[in-house]
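Visitor: Right, I'll just put the structure down here and ask away after.
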Amino acid sequence: MAPPSGLHQSAIPADFEAPFPPLVRSSTVPAGPKLHRSDPSHLSPEDAYASFSPPRRLGGFDSGGNGSGTDSRPGRTRHKDTARSRSRRRKRFQKLLWVKQSYPDNYTDQATFLENLQRNPRVRPYDFWPLVADSTVIVQHVCSVIIFVVCFVGIFQERVSPVSVVGWSSFATFLGWLLWDWWVTKESPGGSGDEDEDARARMIRDRRASKEFRPPRRQDSSGLEQPVLNASTVSISSVSNFPSAASSTSNLLQDHSHTQRSSHPLGSNTHNSGLLVPAHAHSRSASSINSIASQASAANSPTTTTTTTRLGPDGADHGGEPTPSPIARNGRAYVRLSTIKSAILIYFTLLGLSPILKSLTRSTSSDSIWAMSFWLLALNVFFFDYSGGGRAGSAPTTTSTTSTTSTTTTTGTHSSSKQMPVASLSTNAALMASTVLASRLPSTGQVFSLTLFSIEVFGLFPVFRQYARRRSWRYHVVLTVLLVLGAGAGVGMILGDERGWPWKKGLLGMVVGCLIAALAMGGCSWWLIGLQKYKNEIYGPWDPARPIIISRRHWDDD
Amino acid sequence: MAPTYNIAMVSDFFFPQPGGVESHIYQLSSKLRDRGHKVIIITHAYKGRTGVRYLTNGLKVYHVPFFVLYRSASFPTVFSFFPIFRNIILRERIDIVHGHASLSSLCHEAILHARTMGLRTVYTDHSLFGFADAASIFANKLLKFSLSDVDHVICVSHTCKENTVLRASLDPLMVSVIPNAVVAENFRPLDYTEPSPRSFTPHHPPPARPLGPHDMITIVVISRLFYNKGTDLLTAAIPRILQNHPHTRFIIAGDGPKAIDLEQMIERNVLQDRVEMLGPIRHEEVRDVMVRGHIYLHPSLTEAFGTVIVEAASCGLYVVCTQVGGIPEVLPSHMTVFAKPEEDDLVTATGKAIAALRANKVRTELFHEQVKSMYSWTNVAMRAERVYNGISGAISEAEFYGYDAANGAGSWSATRGRSGVQSFALIDRLKRYYGCGTWAGKLFCLCVIVDYLIFLALELWFPRDRIDICPDWPRKDRKVDGKDGG
């Protein structure tokens, strides 16, 4: 990756000295580790790492067993010499079990002991600025949570009209949707985007690989479906959250998803037709994943059209010249219509539910509600899917893996499908928090506004943010700055006196917010880089090997 | 004349449960008995197997009632085992406690209590653990706890030794490598004739019937079908191997969660007549399955020793295995073809093995005698005996640890006290435990102190002179042995 910054270069040598003193087992002994190590015949574990130290002879081994341990000093040196000359006659020690060794069983060969040990082999050094850039994702989310809380407090203290909150936010949501829709349509049919190129290249590679050495099998079809899945997981991981939370309100919407699903096998069939793939069961399963995606994203199904429209050119690419399929064109209009329909549906359902929500927690004290909503929002922040499907799609930013995913030292393969429940947990927690908060509000209108606002903030806004980030780095930065300013101003105004001039407080809040954000981003990144020197991963032949199976891509994902 | 010992083998894993550790304990114990030692085995109660039992050769097994947590590993209650353990130890007049298997909490508790009671302890590690995931870190901490104060550790391979030394922060000199072995008589090739003892050297079994280019070559796989046994690799490789080599077939024995993948693969590729799945088989049947084949394929992803490939070679099979863990140490290169744990490489290696067999380059009929001379439980018992001698002071420290005792000025270290054996003084033991970690060290010290108090309480409430001494099974005469194994 990028060349390591100065900070990290200093961290690397420390890496090799600092973390292993605990291996000296007798560090509390009066003899002390120094003396312990100076004992020439005593091999301590860190000798294995210190390959720069000259190899010392382990004298005095005696397999013959003539019991000469009670030698006096000159005798001992002689004994050592004889041992050396004898060991010259000996066969070399081999790390083999079937050979009859001429060494005792507990012999530790200095040359070969722990020779295959690897320390931190897979560590990718962090750079400061990319890390800061990655942390903007977290800042964005925290800021949007803060803005939500500020709006609640504003509504609760009756300083802000709920209608204006929900009006402005709905207007912004609508604008965002238009923008997004425009991006999607611009991106999909032309097939000029990087992503399409990438997907197509990968597909061609897969196909070539499959033609080379294998009868058509399940893995082929899954390999072919993979770009499709990649495209759709982007939407699954984030979009699915929203309806799962609001599923009570949007059950009716599933009929859209059914029609949506029916369009999918069509797409995938056109694209499989070039090959003789008998694995219908599996192509069906792949498309059923798509249908899950479409079911999940029923409320804002434009994402699924990205998959269908992308399928068009790919299938056509195999057959002949690239022409956008008519299904995709029709699908787009249809999807827009269904999105509007579902939005209206949600609107009215919420309107109907608001009186019930209002009296939901009447018997609970406010303190419990504050505590509960605090924990729920904390849950939301901690479990939010910050990776944003960055690993699946080829985001324009080079550092698409966020710090949260890259700090994990686990070696297991985790696909985005595994992260889905966690992400939906996050959104569910946020919606529950907003529900219990809304139930504190006195009037139906306020409850309705806050709930709708929360759906917009926690359900739709993350999707937009993520898309904006993938789309262009500039949008992302602008959005981050706006959010930080907004959150800062909001907190300033809320904390400020009610009588005073709120804008002054708001400006102050903005400044303080920016300062805090900068400090947090820079400080945490610096801290994380500083912590790297404690990283001590040990790999060796005892670790379970990671099988490389060509037919299944997800093994060598990371 | 070397002394004989009273040894207690402690492990959660013992018969009637089948497995590698179980048979290791049994074989080692019976060979040690043959060498004149007294051996008892302490394990937890299995269903239908409680109380005290005698096995062949007068091997006594105590089945201690214990709550079984998972896969016959007992529930780790640090102290609850102590009273009954002390009773058994005193009854049987045990000198050395030998624990087996790192996942056995019974073993670790026994080592702790035995040290409190002032006995010598040995621990045998049979498995490999990583360092990456949280479960391993926890397990390694516990291992460090119990091995802080062990006298000697035995590992089954050099890789296992490296792993254990790192996991438990041990002095490498107090870790011996003593491999597993096979009972070669149970793993004979199909048309095996016992060589007459008189004319041993020139006699070799006649070369097997040479394989023609169209003779069927059978590849045998016997393993539990788990992820870490490499069943995914196997599933991916089988169709390609069968496609590349027309006159081959597979026999797969074993069961596990990945069996369904294999079956799907067979159905998808319509290989029912070329892949035979036998399902779970018992250990006694392994040989009968093995002798049906020519090649043994072992796609495991991690393996401390890999007894099964030794068994396969003993049956006269050419072995194809992945180069992981301790496997490269186990067999000489003329018996094996190594592959990287990759689908392509496994296919290539199997192809090489098939080609070598078809060219009749491999004298598989000689394998049995060779394996027999490499691995025997008698040898294992001899080497274990050297460990017992070393820790109990029968061999001098210089000889056992390979350096002269007078070298370090005070000749005192925490790992080994005076005269080459670990001191039993509570304060010395506490020093060893204290080094385990900032918090863990203190916690471990607390445990040790509590254990010691329990010991004192037991001495008060159940005094030693009130415990019956049980009569010994008549010991065998100690066989004349060559000096200690090496």
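Visitor: Which of the residues belonging to the stretch B:226-259 are at the interface with chain A (Cβ under 8 Å from one of its Cβ atoms), under 21 Å from B:His214 (Cβ atoms) and in contact (Cβ under 8 Å) with a residue 60 or more places away in the chain?
Guide: The one that is at the interface with chain A (Cβ under 8 Å from one of its Cβ atoms), under 21 Å from B:His214 (Cβ atoms) and in contact (Cβ under 8 Å) with a residue 60 or more places away in the chain: B:Arg240.
Visitor: While we're here: Collect the residues in the stretch A:366-386 that are acidic (Asp, Glu) and either surrounded by fewer than 16 Cβ atoms within 10 Å (Cβ to Cβ) or outside the structural domain of A:Phe461 (by TED's automatic domain parsing) (or both), keeping them in residue-number order.
Guide: A:Asp367
Visitor: What pairs can you find where one residue is in the stretch B:341-362 and away from chain A (no Cβ under 13 Å), the other is at pLDDT below 90 and not in a helix (DSSP H, G or I), and their Cβ atoms are less than 7 Å apart, with a gap of 6+ or different chains?
Guide: Within 7 Å, the pairs are B:Ala356/B:Val362; B:Leu357/B:Leu211; B:Arg358/B:Leu211; B:Arg358/B:Pro213; B:Asn360/B:Pro210; B:Asn360/B:Leu211.
Results for (1) within 8 Å of chain A (Cβ to nearest Cβ); (2) farther than 30 Å from B:Ile241 by Cβ; (3) at pLDDT 90 or above, shown as yes or no for each residue.
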position	(1), (2), (3)
B:Thr378	no, yes, yes
B:Arg383	yes, yes, yes
B:Ser413	yes, yes, no
B:Val421	no, yes, no
B:Asp428	no, yes, no
B:Phe444	no, yes, yes
B:Leu453	no, yes, yes
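Results for (1) outside the structural domain of B:Gly441 (by TED's automatic domain parsing); (2) of a type in the set (Phe, Trp, Tyr); (3) within 26 Å of B:Leu317 (Cα to Cα), shown as yes or no for each residue.
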| site | (1), (2), (3) |
| --- | --- |
| B:Ala139 | no, no, no |
| B:Asp151 | no, no, no |
| B:Thr159 | no, no, yes |
| B:Ala168 | no, no, no |
| B:Asp191 | yes, no, yes |
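Visitor: Right, next: In the stretch B:162-197, which residues are more than 8 Å from chain A (Cβ to nearest Cβ), of a type outside the set (A, V, I, L, M) and within 14 Å of the chain's Cα centre (by Cα)?
Guide: B:Thr164, B:Asn180
Visitor: In addition: Would it be correct to say that B:Leu128 is touching a Gly at 6+ places or on another chain (Cβ under 9 Å), more than 22 Å from B:Glu303 (Cα to Cα) and modelled with pLDDT under 90?
Guide: no
Visitor: Still on this structure, I have one more. Quick check: anything in the stretch A:151-171 among the basic types (Lys, Arg), within 14 Å of chain B (Cβ to nearest Cβ) and either closer than 28 Å to A:Thr480 by Cβ or surrounded by fewer than 18 Cβ atoms within 10 Å (Cβ to Cβ) (or both)?
Guide: For the stretch A:151-171, residues among the basic types (Lys, Arg), within 14 Å of chain B (Cβ to nearest Cβ) and either closer than 28 Å to A:Thr480 by Cβ or surrounded by fewer than 18 Cβ atoms within 10 Å (Cβ to Cβ) (or both): absent.
Visitor: Next question, about the same structure. When the residues of the stretch B:267-313 are filtered to those that are touching a Gly at 6+ places or on another chain (Cβ under 6 Å) and assigned to a loop (DSSP other than H, G, I, E, B), which remaining residue is surrounded by the most Cβ atoms within 10 Å (Cβ to Cβ)?
Guide: By that ranking, first place goes to B:Glu303.
Visitor: Out of the residues in the stretch B:1-18 that are over 18 Å from B:Ile391 (Cβ atoms) and surrounded by fewer than 17 Cβ atoms within 10 Å (Cβ to Cβ), state the one that is farthest from the chain's Cα centre (by Cα).
Guide: Here the residue is B:Met1.
Visitor: Follow-up. Any idea how many residues of the stretch B:162-180 are touching a strand residue (DSSP E or B) at 6+ places or on another chain (Cβ under 9 Å), part of a helix (DSSP H, G or I) and under 24 Å from B:Gly306 (Cβ atoms)?
Guide: Looking only at that region, the number is 7.
Visitor: If you don't mind, there's one more thing I want to ask. Given (1) more than 11 Å from chain A (Cβ to nearest Cβ); (2) within 29 Å of A:Phe113 (Cβ to Cβ); (3) of a type outside the set (Lys, Arg), where does B:Pro280 come up short, assuming only one miss?
Guide: (2)
Visitor: Could you tell me how many of the residues in the stretch B:283-304 are among the acidic types (Asp, Glu) and within 14 Å of chain A (Cβ to nearest Cβ)?
Guide: Total satisfying the criteria: 1.
Visitor: Same structure, new question: Go through the stretch B:288-307 and report how many residues are at pLDDT below 90 and under 16 Å from B:Val182 (Cα atoms).
Guide: 4
Visitor: Can you name the number of the only condition in (1) without any contact (Cβ under 8 Å) to a residue 40 or more places away in the chain; (2) more than 13 Å from chain A (Cβ to nearest Cβ); (3) in a helix (DSSP H, G or I) that B:Leu366 fails?
Guide: Just one mismatch for B:Leu366, condition (1).
Visitor: Considering only residues that are surrounded by 24 or more Cβ atoms within 10 Å (Cβ to Cβ) and assigned to a loop (DSSP other than H, G, I, E, B), look in the stretch B:128-161 and name the one that is nearest to the other protein chains (Cβ to nearest Cβ).
Guide: Only one residue tops the list, namely B:Leu128.
Visitor: Output the residues belonging to the stretch A:480-490 that are more than 14 Å from A:Val149 (Cα to Cα), surrounded by 19 or more Cβ atoms within 10 Å (Cβ to Cβ) and out of contact with any Gly (no Cβ under 9 Å at 6 or more places or on another chain).
Guide: A:Thr480
Visitor: Is it the case that some residue within the stretch B:319-339 is in contact with a Lys or Arg (Cβ under 9 Å, 6 or more places away or on another chain), among the acidic types (Asp, Glu) and within 9 Å of chain A (Cβ to nearest Cβ)?
Guide: yes
The values are calculated or read from the model by the stated rules, or taken from the named source; none is laboratory data. Quantities reported herein were computed from a predicted structural model and do not represent experimental measurements. Note that we place each Cβ from the backbone using ideal geometry, even for glycine, and neighbour counts take in every protein chain shown.
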